[in-house]
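Here is the structure we will look at.
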Amino acid sequence: MKTTTMAAGLLLAGLIAAPAAMAAPDAQELLRQSDQARGGDLPGLAWEVRLANSGSASEDLQPMRLDVRANKTASLAEVREPLSNKGSKMLQVDRNMWLSKPGLKKPVAISPRLRLSGQAAIGDIAATNYAKDYAAKLLREETLNGEPCYVLDLKSANKQSTYDRIVYWVSEKRMVGVQAQFYSLSGKLLKQASFQYDNTVKVGGKSIPFVSAMQINDALTDARTTLKYGELRVKTFADAEFQVDNL
């Protein structure tokens, strides 16, 4: 009888502990962690982005090179090439964005959804803060290219987000976004993207992976835009560098 009672007690304890062990991870926290590998929520960082387009409609699209600097709440991208756009700047502060360029009297407010080049929107080259712009829900766990991933459903939390909805694959081990599908408000698939993380950056004494390439494919055509990231520098920037009056 004593043995039976002990067994029943162990079984009950196991049933009580099982829900805790099986609790789903916090989708919003997964998103916040993955943002860091794309420049989000870091104290101060600068990098270079090079864009190239391919596909049947890319003949007239010139390669681009931009310098990007960011802190926890803002980022500033400046075009270096091509010469026709040199000096243009895109400033993002929280959920607001402005454009300035030579010959323009004052900066103008813009949407991050505005196309920059090819399949890349202006919001794609700014520091990524998906955790602030989207409400995340865990859809499922799935293996992608041999790597276990959390699949998140991201719904836009404000009108200033780059996309209305994103399905986002986050590596369970590396905590970085490895694939994304971008949708319109009506549910139409617009673009798909994949990411590589061959860069590392040291922040607070800790080395973390940082995006080295993002490839964006149009959902209906062969149009493709590749963004390559390099020249990473950890640096503290003055708040004045992210003020619209100083553009």
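The values are calculated or read from the model by the stated rules, or taken from the named source; none is laboratory data. Everything quoted here is computed from the prediction, not taken from an experiment. Cβ placement follows ideal geometry from the backbone for every residue including glycine, while neighbour counts extend to all protein chains displayed. Each accessible area value is taken on the protein alone, full model and side chains, heavy atoms only, with ligands, DNA and RNA left out. Shrake-Rupley method; radii C 1.70, N 1.55, O 1.52, S 1.80 Å.
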Number of positions in the stretch 203-247 that are in a strand (DSSP E or B) and open to solvent by less than 30 Å² (accessible area, probe 1.4 Å) = 9
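Where residues in the stretch 158-192 are assigned to a loop (DSSP other than H, G, I, E, B) and closer than 14 Å to ASP35 by Cβ, which of them is most open to solvent (accessible area, probe 1.4 Å)? Working first, answer last.
So in the stretch 158-192, the residues assigned to a loop (DSSP other than H, G, I, E, B) come out as 158-164, 172-176, 184-188.
Those still in the list that are closer than 14 Å to ASP35 by Cβ too: 161-162, 174-176.
Details: SER161: 1, THR162: 25, ARG174: 105, MET175: 39, VAL176: 2 Å².
Only one residue tops the list, namely ARG174.
Listed residues SER207, SER184; which is closer than 30 Å to GLU59 by Cβ and small (Gly, Ala, Ser)? Before the answer, list the steps.
Values: SER207 fails: closer than 30 Å to GLU59 by Cβ.
Sole residue among the options that is closer than 30 Å to GLU59 by Cβ and small (Gly, Ala, Ser): SER184.
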ask   = Within the stretch 112-124, is even one residue open to solvent by less than 20 Å² (accessible area, probe 1.4 Å), in contact with a strand residue (DSSP E or B) (Cβ under 6 Å, 6 or more places away or on another chain) and among the β-branched types (Val, Ile, Thr)?
value = yes
message = What's the total number of residues in the stretch 44-75 that are closer than 20 Å to GLN215 by Cα and either part of a strand (DSSP E or B) or of a type in the set (Ser, Thr, Tyr) (or both)?
response = 15
